[in-house]
1. Could you list, ordered by first residue, the pairs with Cβ atoms under 6 Å in which the first is in the range 66-92 and within 19 Å of ALA184 (Cα to Cα) and the second is of a type in the set (Lys, Arg), at least 6 apart or interchain?
2. Considering the range 63-84 alone, what residues qualify as being under 16 Å from GLY195 (Cβ atoms), over 16 Å from the mean Cα position of the chain (by Cα) and open to solvent by 30 Å² or more (accessible area, probe 1.4 Å)?
3. Which of the residues belonging to the range 112-133 are closer than 24 Å to ASP182 by Cα and either modelled with pLDDT of 85 or more or in contact with a strand residue (DSSP E or B) (Cβ under 6 Å, 6 or more places away or on another chain) (or both)?
4. When LEU6 is evaluated against the numbered criteria (1) buried (at least 19 other Cβ atoms within 10 Å of the Cβ); (2) out of contact with any Phe, Trp or Tyr (no Cβ under 7 Å at 6 or more places or on another chain), which criterion, by number, is the only one it fails?
5. Of the residues that make up the range 115-122, is at least one touching a helix residue (DSSP H, G or I) at 6+ places or on another chain (Cβ under 8 Å), farther than 30 Å from VAL71 by Cβ and assigned to a helix (DSSP H, G or I)?
6. Just name the residue that is most open to solvent (accessible area, probe 1.4 Å) out of those in the range 9-24 that are part of a helix (DSSP H, G or I) and either at pLDDT 90 or above or within 13 Å of ALA153 (Cα to Cα) (or both).
7. List pairs: first in the range 40-61 and crowded, with 16+ Cβ neighbours inside 10 Å, second aromatic (Phe, Trp, Tyr), Cβ under 6 Å, 6+ apart or cross-chain?
8. Out of all the residues in the range 153-174, is one or more touching a Pro at 6+ places or on another chain (Cβ under 9 Å) and over 25 Å from GLY76 (Cα atoms)?
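The values are calculated or read from the model by the stated rules, or taken from the named source; none is laboratory data. Please read all numbers here as calculations on a predicted model, not as lab measurements. Don't worry about glycine lacking a Cβ; one is built from the backbone with ideal geometry, like all the others, and counts go over all protein chains shown. Note: accessible area is taken over every heavy atom of the protein model, side chains too, but ligands, DNA and RNA are not part of it. Shrake-Rupley method; radii C 1.70, N 1.55, O 1.52, S 1.80 Å.
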Amino acid sequence: MFQVALTGLLTGLALIVAVGAQNAFLLRQGIRGEHVLPIVLTCLVSDVVAITAGVAGLGVVLERWPAVLPVAQVLGGLYLIAFGVHAAMRAWRPTALEAGEATALTPGRAVLLTLALTWLNPHFYLDAVLMLGTVANSFAADRWWFLAGTLVASVLWFFGLGYGARLLRGLFARPKAWRVLDSAIAVVMGALGVGLLVH
């Protein structure tokens, strides 16, 4: 159980910790100290809904059509390997994550913008629903431990980024920090992808 939860934690972190619009917005707002809690909670609730739907929904599909799992595992494995290759390419040519400038937002607008950056991003569905759902269901009855691990990853990352943004500003202004992070992501995702293909 612990090993499955740990796999969920590492997989969740590998998928969440990527330079993207949602993370850039949270980092920027964290540095500015504006509406951090509503934004963090919006990110977390979105992850809980999407990942749980992926694990539960895919679970129902697999119970009715078990032959779907091998196909999903092959596709999921290839996707994870491609994700790892992409992370390795980012590590090869790292860039700094800019917080940027922005006009002050109301709490409501900050939440709406977070929802848009999250739910209008097709990669969110691929990662949270399809990818994590496929990997979770490869653990059969232990898939809920995998889900727990991914949700812990979300809590750690979003609260850490939102409230640690002021401390992280200098670190992630350096391309070298992203090189280390993306290299770790490439290794984790590549290993998980191969694991799914040979499972």
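1. Here the result reads ALA91/ARG179, each pair linking the range 66-92 to a residue that is of a type in the set (Lys, Arg).
2. LEU69, PRO70, VAL74, LEU75, LEU78
3. Within the range 112-133, THR114, THR118, TRP119, LEU132, GLY133 meet the criteria.
4. Checking LEU6 against (1) buried (at least 19 other Cβ atoms within 10 Å of the Cβ); (2) out of contact with any Phe, Trp or Tyr (no Cβ under 7 Å at 6 or more places or on another chain), the one that fails is (1).
5. yes
6. Here the residue is LEU10.
7. As it stands, the answer is VAL40/PHE158; VAL40/PHE159; CYS43/PHE158; LEU44/PHE158, since those pairs meet every condition given.
8. Checked the range 153-174: at least one residue is touching a Pro at 6+ places or on another chain (Cβ under 9 Å) and over 25 Å from GLY76 (Cα atoms).
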